[in-house]
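Here is the structure we will look at.
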Amino acid sequence: MQNPHLSVHKWRVLPLTIAPQQYHIDLSEQLLREVSPGEPATLYWSQAEFVGLVLGFSQQQSILNPAIVATQPLPIHHRRAGGTAVLVGPGLLSLDVILPAGHPLILPDIVESYRWLGTAWVKTLVRLGVDARLVSPQEAHAHRALLKQEETKKVASILNRACFGSLSSYEVIVEKRKVAGFDMIRRRTGSLLQAGFLLKWDPEPLIELLGQTTEERAILREGLSERAVGLDTLLGRTTSPTEVISAFEEVLTAME
């Protein structure tokens, strides 16, 4: 692990690390396991060195297309947090926020605990030149209801296999397309908030992995292009991870 520097604004910031995804998963869990009350909260920025797939805690590998897994193998990982599948690699910038037990940002209401993080990402996008907004709890509830309605549940359940095919409270969207998705782990030692931010959105590998039939792949291809978008498309240019990180940290400092 690289040597961190201490932020003067109550945050310990670990520099951007590019490494195999399992390294990031293991390190974030270690940071959560070892954090002590009274320590600064930690920001850990990362990108997967290789394109791979991360499944949510409750997802089974049986949801994947076995032919694609066999012929075009990608690293497949499981995270301890909930949520659904995320494609990691150069197109995704990840942020882990480790809050020690007793930190004021750990709220009794789990849903509301995401609000500050979503707000920080909205302000970051505005700083970068993109008009973004939070997903309201009401909007997220309406989205989940699609899974229960007879006329929509088939398509919704297929799209819900992917994190960026669904909406949760206080995630970040531009118009109707998600740019940042969140999940959380809570332990006795503290809380781990995880954000995945789309620098670039190329869902095709995800479509091939999650679509087991021609029909499912067609649903994923249409739906994922409508439900998520990368920052490169929004700005009409490629944006480096360091530019995004700098904007986020400036926003976080201003919010204190």
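The values are calculated or read from the model by the stated rules, or taken from the named source; none is laboratory data. All figures in this text were calculated on a predicted structure; none of them were measured in a lab. Note: ideal-geometry Cβ built from the backbone for every residue, glycine included; neighbour counts use all protein chains shown. For the accessible areas, the whole protein counts, side chains as well, though only heavy atoms, and no ligand, DNA or RNA atoms are used. Shrake-Rupley method; radii C 1.70, N 1.55, O 1.52, S 1.80 Å.
Here are some notes:
- Count of the range 35-66 residues, restricted to those that are among the small types (Gly, Ala, Ser) and part of a strand (DSSP E or B), is 4.
- Any hit, the range 175-183, residues being touching a residue at least 12 places away in the same chain (Cβ under 8 Å), of a type in the set (Val, Ile, Thr), crowded, with 16+ Cβ neighbours inside 10 Å and over 30 Å from Glu34 (Cα atoms): yes
- Cβ pairs under 9 Å, 6+ apart, first in the range 17-42 and at positive phi, second part of a strand (DSSP E or B): Gly38/Pro100
- Of the residues Ser169, Ser157, the single one that is open to solvent by less than 30 Å² (accessible area, probe 1.4 Å), of a type outside the set (Val, Ile, Thr) and free of Cβ contacts under 8 Å to residues at least 60 places away in the same chain is Ser169.
- For the range 38-53, a residue qualifies if it is within 16 Å of the chain's Cα centre (by Cα) and surrounded by fewer than 18 Cβ atoms within 10 Å (Cβ to Cβ), and exactly one does: Val51.
- Close pairs (9 angstrom Cβ cut-off, 6 or more residues apart or separate chains): without any contact (Cβ under 8 Å) to a residue 12 or more places away in the chain in the range 109-136, aliphatic (A, V, I, L, M) anywhere: Val126/Ala132; Val126/Val251
- Close Cβ contacts (under 8 Å, 6 or more residues apart or on different chains) running from residues in the range 188-212 that are at positive phi to residues that are crowded, with 21+ Cβ neighbours inside 10 Å comprise Gly190/Leu32; Gly190/Val35; Gly190/Ile98; Gly190/Leu99.
- Within the range 19-37, none of the residues are open to solvent by 70 Å² or more (accessible area, probe 1.4 Å), within 27 Å of Thr242 (Cβ to Cβ), at pLDDT below 95 and over 16 Å from the mean Cα position of the chain (by Cα).
- Filter result for the condition that a residue is under 26 Å from Thr152 (Cβ atoms) and among the hydroxyl-bearing types (Ser, Thr, Tyr), over Ser225, Ser240, Ser191: Ser225
- Count of residues meeting criterion [open to solvent by less than 40 Å² (accessible area, probe 1.4 Å), in contact with a helix residue (DSSP H, G or I) (Cβ under 7 Å, 6 or more places away or on another chain) and more than 17 Å from Gly196 (Cβ to Cβ)] in the range 88-127: 0
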